[in-house]
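Q: What follows is a single structure, and I will ask about it in a moment.
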């Protein structure tokens with residue numbers, strides 16, 4: 001992989017970020033914590049090694065929640081819109097980026113579905129279901 005600068009923002013646009021470093025992992029996590037934190041079937045996260053995270057906008061709007069009984073599970077989000085935001089993981093020298101917040105494409109594709117045993121029956125599957133470019137009629 002190569003170094004890359006990734007940019008993105010929260011839903012309301014109050015916070016913008018850039019992360020410079022080497023994208024090394026891109027996982028879809030199906031664990032129950034990620035499902036509850038996102039309200040979806042899985043969280044999609046890009047991990048950037050040696051990443052430098054920089055913010056623009058109202059940094060007073062950045063909030064975090066660490067699950068008390070979890071070693072590493074924490075969620076960083078915008079206080080205004082609740083949108084997820086990147087977070088630094090200092091002990092691993094990584095920056096975790098919620099992939100849906102990106103405005104630029106990472107130079108790596110998703111590599112794995114993790115915690116697959118926690119996957120719900122209705123979550124992303126290999127079944128072919130109809131696709132639409134907008135709401136179906």
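The values are calculated or read from the model by the stated rules, or taken from the named source; none is laboratory data. Remember, predicted model here, so these are calculated numbers, not experimental data. Ideal geometry is used to build each Cβ from the backbone, glycine not excepted, and the neighbour counts take in all protein chains shown.
Q: Out of all the residues in the range 1-29, which are in contact with a helix residue (DSSP H, G or I) (Cβ under 8 Å, 6 or more places away or on another chain) and in a loop (DSSP other than H, G, I, E, B)?
A: Listed by number, the residues that qualify are 10, 14.
Q: For the range 107-117, state whether one or more residues are more than 24 Å from residue 4 (Cβ to Cβ), in contact with a helix residue (DSSP H, G or I) (Cβ under 8 Å, 6 or more places away or on another chain) and not in a loop (DSSP other than H, G, I, E, B).
A: Within the range 107-117, none of the residues are more than 24 Å from residue 4 (Cβ to Cβ), in contact with a helix residue (DSSP H, G or I) (Cβ under 8 Å, 6 or more places away or on another chain) and not in a loop (DSSP other than H, G, I, E, B).
Q: Going by the structure shown, is residue 79 modelled with pLDDT of 95 or more and within 12 Å of the chain's Cα centre (by Cα)? Give the derivation first.
A: Working: modelled with pLDDT of 95 or more: yes; within 12 Å of the chain's Cα centre (by Cα): no.
When the stated conditions are applied, residue 79 does not pass them.
Q: A follow-up question, please. Residue 32 is checked against (1) surrounded by 13 or more Cβ atoms within 10 Å (Cβ to Cβ); (2) farther than 21 Å from residue 106 by Cβ; (3) touching a helix residue (DSSP H, G or I) at 6+ places or on another chain (Cβ under 8 Å) and fails just one. What number does that condition carry?
A: So the condition that residue 32 fails would be (1).
Q: A follow-up question, please. Residue by residue through the range 68-86, note down the ones that are without any contact (Cβ under 8 Å) to a residue 24 or more places away in the chain and either outside any loop (DSSP other than H, G, I, E, B) or buried (at least 18 other Cβ atoms within 10 Å of the Cβ) (or both).
A: Across the range 68-86, the qualifying residues are 74, 76.
Q: From the list 100, 41, pick out the single residue that is within 18 Å of residue 15 (Cβ to Cβ), outside any strand (DSSP E or B) and out of contact with any helix residue (DSSP H, G or I) (no Cβ under 6 Å at 6 or more places or on another chain).
A: None of the others qualify; the one that does is 100.
Q: Something else about it: Return the pairs, sorted by first residue and then second, in which the second residue is modelled with pLDDT of 90 or more and outside any strand (DSSP E or B), the first residue lies in the range 49-67 and is at positive phi and surrounded by 12 or more Cβ atoms within 10 Å (Cβ to Cβ), the beta carbons are less than 6 Å apart, and the residues are 6+ apart or on different chains.
A: Pairs found: 50/93; 57/14.
Q: Also, quick follow-up: Quick check: anything in the range 23-32 free of Cβ contacts under 8 Å to residues at least 40 places away in the same chain and under 13 Å from the mean Cα position of the chain (by Cα)?
A: Within the range 23-32 (the criterion being free of Cβ contacts under 8 Å to residues at least 40 places away in the same chain and under 13 Å from the mean Cα position of the chain (by Cα)), the answer is no, since none of the residues qualifies.
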